[in-house]
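The values are calculated or read from the model by the stated rules, or taken from the named source; none is laboratory data. All figures in this text were calculated on a predicted structure; none of them were measured in a lab. Cβ placement follows ideal geometry from the backbone for every residue including glycine, while neighbour counts extend to all protein chains displayed. These accessible areas exclude ligands, DNA and RNA; they are computed on the full protein's heavy atoms, side chains included. Shrake-Rupley method; radii C 1.70, N 1.55, O 1.52, S 1.80 Å.
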Amino acid sequence: MRRFVIRSLESAIRRGGASASSSRRFSSDSAPERKVAILGAAGGIGQPLSLLMKLNPLVSSLALYDIAGTPGVAADVSHINTRAEVVGYAGDEQLGKALDDSDVVIIPAGVPRKPGMTRDDLFNINAGIVKSLCTAISKYCPNAVVTMISNPVNSTVPIASEVFKKAGTYDERKLFGVTTLDVVRAKTFYAGKAKVPVAGVNVPVVGGHAGITILPLFSQATPASNDLSDDDIEALTKRTQDGGTEVVEAKAGKGSATLSMAYAGAIFADACLKGLNGVPDIVECSFVQSSITELPFFASKVRLGKNGLEEVLGLGPLSDYEKEGLEKLKPELKASIEKGIKFAQEN
Ligand SMILES: NC(=O)C1=CN([C@@H]2O[C@H](COP(=O)(O)OP(=O)(O)OC[C@H]3O[C@@H](n4cnc5c(N)ncnc54)[C@H](O)[C@@H]3O)[C@@H](O)[C@H]2O)C=CC1
Ligand SMILES: O=C([O-])CC(=O)C(=O)O
């Protein structure tokens, strides 16, 4: 954690976080002013994510919004002696103020899974929540980068895109489904199996964010390992795809991943902020509008920049096992995307 924060600070300052081309005001520690809003900030993910964003020196203003409970979270987090000014907002009537002038909006609002449920089982409740929050975003901060954590991500991102299109504010460079936790898991599981230090591991994860739509590309993992058998790769793939369910079952009815998700959400938000600040070569995996397959949204490596999404990177060479996984995931991902679009168009 400490290393993450220090790295952020160092790279923001050293690699152009203080880029003179930004029209933003600069604070004394040379990073431009950036407002981050978290919607669902009092929840299981929202609270630790609020803490992590308060520790991020690239954030100058942190708005914590939820339907209730945010004054307490904000009072607590605000006592930490870091740069960000923290304000809590609760209830519909304060949503506009929370969003006003935000550079990055992170959305972990909505219900989590219980054992036996799929992410799609959350659709009926979370689709409406995401739709109303995105309607407010298009009104109060139409230029913000939006990072969507609420599940099912394979549908909530298409919902957000339709809401923004209807409002006339859609910019595909500003909408991201957060799949960073899949990458975090793939790195951890790979390092354990390949017996390499986890800090230097990289594994792209493509597709979507549910079950078989999560496709880790272990053939591209670095450092490469010659010791892993086909069975090992299959087991690693399945464990990554079922990582969320592993946590849901271990929590036995008390929700899904919150701490690891907050970590992943903070990594992705930090990457977005660095991109906005003009730091070069910021690449993360994310579920975005894409043309690298025939599906309109797809997760892959993306380059982040001053306007959000700068470039969707290709899939790279796939193993036969990964090629097969890619073809298998397409029908499910397509159906989830279409379900989201249909919901937003009809409601
Ligand atoms: N993308 C990913 O990798 C992951 C996504 N998730 C998803 O994140 C979501 C949140 O999970 P948790 O934090 O564990 O749930 P939680 O139930 O602990 O917290 C959700 C929060 O959202 C708030 N909320 C509900 N309606 C709202 C609205 N209209 N406006 C603002 N806030 C609202 C609730 O009051 C609550 O505080 C779930 O949908 C879960 O499936 C969870 C883990 C990983
Ligand atoms: O599994 C869930 O419901 C939450 C989630 O998306 C994850 O942990 O990857």
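Please report, in whole Å³, the volume per residue of the convex hull around the C-alpha atoms of segment 180-337.
122
What range in the chain is the longest one free of trypsin sites (Lys or Arg not before Pro) that are in a loop by DSSP and have at most 10 other Cβ atoms within 10 angstrom?
Counting only loop sites that pass the neighbour cut-off, the longest clear stretch is 26-194.
Take every DSSP beta bridge with both residues inside the chain and express the antiparallel ones as a percent of the total, to the nearest 5.
So the antiparallel bridges in the chain amount to around 50 percent.
Cross-link partners among lysines for Lys193, C-alpha distance below 19 Å, same-chain residues fewer than 8 apart left out?
Result set, ordered by chain and number: Lys238.
Most mobile of Gly116, Gly325, Gly207 per a Gaussian network model of the chain (Cα springs, under 10 Å)?
For the chain, modelled as a Gaussian network with Cα springs under 10 Å, the answer is Gly116.
So which lysines pass the test for Lys306, namely a Cα distance under 24 Å, with those fewer than 8 places away in the same chain ruled out?
Excluding near neighbours in sequence, the set is Lys35, Lys54, Lys139, Lys165, Lys174, Lys274.
To the nearest 20 debye, what charge dipole does segment 180-337 have about its Cα centre, counting +1 at the Cβ of each Lys and Arg and -1 at the Cβ of each Asp and Glu?
So the dipole magnitude of segment 180-337 works out to roughly 500 debye.
Per q in 0.11, 0.15 1/Å, what log10 I(q)/I(0) does a Debye calculation on the alpha-carbon atoms of the chain return?
Result of the Debye calculation: -0.68, -1.32.
What size of dipole, in debye to the nearest 20, comes out for segment 30-132 about its Cα centre when the only charges are +1 on Lys and Arg C-beta atoms and -1 on Asp and Glu C-beta atoms?
300
Run the numbers for Lys114 and Lys165: contour at 0.36 nm per residue of separation, minus the present Cα-Cα distance, in nm.
15.1 nm is the gain from fully extending Lys114 to Lys165.
For the chain, return all DSSP H helices satisfying: extent of Cα atoms along own axis at least 15 Å; mean Kyte-Doolittle hydropathy at least 1.0.
Span-like helices, by this rule, are 259-276.
Out of residues 5 or more away from Cys285 or on other chains, whose amide H comes under 5 Å of its own, with H placed 1.01 Å from N in the peptide plane?
HN-HN under 5 Å from Cys285: Val302.
Which value, in Å², gives the accessible area per residue of the chain when a 1.4 Å probe is used on the protein heavy atoms?
Result: 43 Å² per residue.
Out of Asn124, Asn307, Asn226, any idea which swings most in a Gaussian network model of the chain, alpha carbons joined below 10 Å?
Answer for the Gaussian network model of the chain: Asn226.
So which GluC sites (Glu not before Pro) in segment 282-345 are both in a DSSP loop and have at most 16 other Cβ atoms within 10 Å of their Cβ?
Those satisfying the criteria are Glu294.
Near the amide H of Ser290, under 5 Å away, which other amide H atoms are found, from residues 5 or more places off or on another chain, if H is placed in the peptide plane?
Phe297, Phe298
Given a 1.4 angstrom probe, I'd like the percentage of the accessible area of the chain that is carbon and sulfur, rounded to a whole number.
The C+S portion of the solvent-accessible surface of the chain is 52 percent.
Over segment 63-122, what portion of Cα pair distances is larger than 14 Å, expressed as a whole percent?
64
Connecting C-alpha atoms closer than 10 Å in a GNM of the chain, tell me which of Gly69, Gly265, Gly91 has the biggest fluctuation.
Comparing Gly69, Gly265, Gly91 in a Gaussian network model of the chain, the most mobile one is Gly91.
Would you work out the charge dipole size for the chain about its Cα centre, treating the Cβ of every Lys and Arg as +1 and the Cβ of every Asp and Glu as -1, and quote it to the nearest 20 debye?
720
Please work out, to two decimal places, the log10 of the ratio I(q)/I(0) at q = 0.11, 0.18, 0.22 Å⁻¹ from a Debye calculation in which every Cα of segment 35-178 carries one identical scatterer.
-0.37, -0.98, -1.36
What percent do you get for the relative contact order of the chain when only Cα pairs under 8 Å and 6+ apart count?
For the chain, the relative contact order is 17 percent.
May I ask for the net charge around Lys342, where only other residues with Cβ less than 13 Å from the Cβ of Lys342 are counted and Lys, Arg are +1 while Asp, Glu are -1?
Within the 13 Å Cβ shell, the charges total 0.
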